[in-house]
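A.B. asks: Got a structure here, written out as structure tokens. Questions coming.
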Amino acid sequence: MRTTALFGLALLLGAGFVQEAVAGSPTCVSPETKLSWPADNPVWEMCWLAPNQSVGPRGSGMELRNVYRNGQLVMRRAHAPMLFAEYKDGAGGGCYRDWKDARTPILASTNVQNHLGTIPEGGNPAMTSCDRSVHPTTSYGTCPYGLPTPPGYSCTDGIMIEDLGDRVRLTAQYVADWYMYSSRFEFHADGRMSPTFGFGNRNGTYNNVTHWHHNYWRFEFDIEGTGDTVVSTSGVDRTTEFSELRDAAGGPGGGPRTWEVRNATTGNGYRLIPGADDYKVATNESGRNFHLTDVIATQSHVSEYGDTPNYSLSDCTMHTANLVNGESLQNTVPALYYRVAVRDTTANSWPPGCTANGTCQAQDSMVCKSVGPTLVPFGPWAEFIFADGFDVLVPGARRTWF
Ligand SMILES: [Cu+2]
């Protein structure tokens, strides 16, 4: 890619003529809503849908479609169609496949409720249950989580869209009975994308049983919109659908991996880099064999938004084989699934066989944990950006060709 970038740069400089990049922009159809950030000369544009408008069996949480950066398509879709909770030794509630289509209010400035806005001077960012939950045994309930509501703020449903200067942040919150899940996506001016998932509480049910939550994002990549995206693992190209672990050793302590998607012709792409906290909980830490993989790359299909077209609360296993079945990944529109999980540990229960006031971990079952990867651009579109003529190169600036 580097060779291609330099070659392209040399060509452009050598030729010394004006080349206008073809800038695209998403067309959003109701109930999709268009976001352009910044409002003038946008770096990022996309269509967003709230959890109750998302696709898939019992929804897919916050859903973003036709995500463009600097006029170039990056993703056709980003959402979170598979969500699970499981309990130690099958105790308590046993296990569940949670729903993702029941939005629940967020405490936020009215300036950012379901449209792009800025937080008032001295104001507070949009707050979810996860932002509030820092006590190991206390639950704060639904919005406003036991807090006073400041003037200009309210508890409201939908997507909060905050202009944070160097990035724009979208926040959704949805409820599945005892739990309130936060889905966030930050789009940075420098091209990075940071999705985070927060596993919060609505009440304290089964707070006294150690349990795990699992969220799977699904990123449908069509880099530059040409339908010939290539997938690689740590730089090695893949030819057929696969599933694998975040590290070679199958658990914390192994060598970190990355996953890349790129346009087969131009070399422009994105690299998924796991967050440090993504490594904290082993893939199958519960030992119940419901979740055995971290990353799945598949050929995307219309209306295939997960491992099963049906929804059942008691379908506790993620069925990898339904997605990974030998199809080609060569120059397609791939869907990359990425799993993150957290453990909510109750008193004197973890690790197995631990002793109270000795080797057991402290209870943290109601402390909300928030995890997620970073997606970083690479290739020519990340290396040299002409911001103000040939002699000023500003990495990460808006792509403007002269
Ligand atoms: Cu929990």
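A.B. asks: If each DSSP helix of 4+ residues adds -39,500 (n - 2.57) and the sum is divided by the residues in the chain, what number results at 222 nm, nearest 500 deg cm²/dmol?
C.D. replies: -1500 deg cm²/dmol
A.B. asks: Let me ask another. First check a/c for the stretch 2-383, with a ≥ b ≥ c the square roots of the eigenvalues of its C-alpha gyration tensor; if it is under 1.5, answer rounded, and if not, answer prolate when a/b is larger than b/c or oblate otherwise.
C.D. replies: oblate
A.B. asks: How would you rank LYS88, LYS280, going from fewest to most other Cβ atoms within 10 Å of each one's own Cβ?
C.D. replies: With the sparsest Cβ surroundings first, the list reads LYS280, LYS88.
A.B. asks: Moving on. I need the calculated FRET efficiency for the pair THR138 and SER312, taking r as the beta carbon distance and R₀ as 22 Å, to the nearest 0.05.
C.D. replies: E(calc), rounded to 0.05, equals 0.10.
A.B. asks: Continuing with the same structure: Take TRP99, TRP259 and order them by how many other Cβ atoms sit within 10 Å, fewest up front.
C.D. replies: Ranked by crowding around the Cβ, least crowded first: TRP99, TRP259.
A.B. asks: Also: Tabulate in residue order the Karplus-calculated ³J(HN,Hα) for the stretch 152-161, using 6.51 cos²θ - 1.76 cosθ + 1.60 with θ = phi - 60°, rounded to whole Hz; enter x for Gly and Pro.
C.D. replies: x, 10, 7, 8, 9, 7, x, 10, 8, 10
A.B. asks: Once the Cβ-Cβ distance between VAL302 and THR265 is put in as r, and R0 is 25 Å, what FRET efficiency do you end up with, to the nearest 0.05?
C.D. replies: 0.55
A.B. asks: Which whole-Hz ³J(HN,Hα) couplings does the stretch 90-95 yield from phi under the Karplus relation 6.51 cos²θ - 1.76 cosθ + 1.60, θ = phi - 60°, glycine and proline marked x?
C.D. replies: Taking θ as phi minus 60°, the curve returns x, 6, x, x, x, 6 Hz for the stretch 90-95.
A.B. asks: Compute the length gained on full extension between VAL55 and GLU327: take 0.36 nm times their separation in residues and subtract their Cα-Cα distance, giving the result in nm to one decimal. Before the final figure, lay out the partial values.
C.D. replies: On the way: separation 272, 0.36 × 272 = 97.92 nm, distance 2.33 nm.
Separation in residues times 0.36 nm, less the Cα-Cα distance, equals 95.6 nm.
A.B. asks: Please give me the summed charge of the neighbours of ASP131: other residues whose Cβ is under 14 Å from its Cβ, Lys and Arg +1, Asp and Glu -1.
C.D. replies: Surrounding charge for ASP131 is +3.
A.B. asks: If packing is taken as the average number of other Cβ atoms within 10 Å across a peptide's residues, how do 175-183, 307-315 rank, most packed first?
C.D. replies: In descending order of packing, they fall as 175-183, 307-315.
A.B. asks: Another one. What lysines could a cross-link reach from LYS88, if we take a straight Cα to Cα line under 21 Å and drop same-chain neighbours fewer than 8 places away?
C.D. replies: Qualifying lysines at Cα under 21 Å: LYS280, LYS369.
A.B. asks: So in the stretch 2-383, what percent of DSSP beta bridges are antiparallel if you round to the nearest 5?
C.D. replies: Beta bridges within the stretch 2-383, antiparallel portion: roughly 100 percent.
A.B. asks: Helix 2-15 against the longest principal axis of the chain: what's the angle in degrees, Cα atoms only, rounded to the nearest 10?
C.D. replies: 30 degrees
A.B. asks: Then there's this: Give me the dipole magnitude in Debye, nearest 20, for the chain about the Cα centre, with unit charges on the beta carbon: positive for Lys and Arg, negative for Asp and Glu.
C.D. replies: Here the size comes out at about 440 debye.
We did not get these values from a lab; they are worked out from the coordinates using the rules stated. Just so it is clear, the model here is predicted, and its values are computed rather than measured. Neighbour counts are summed over all protein chains in view; Cβ atoms, including those assigned to glycine, are modelled from backbone coordinates with ideal geometry.
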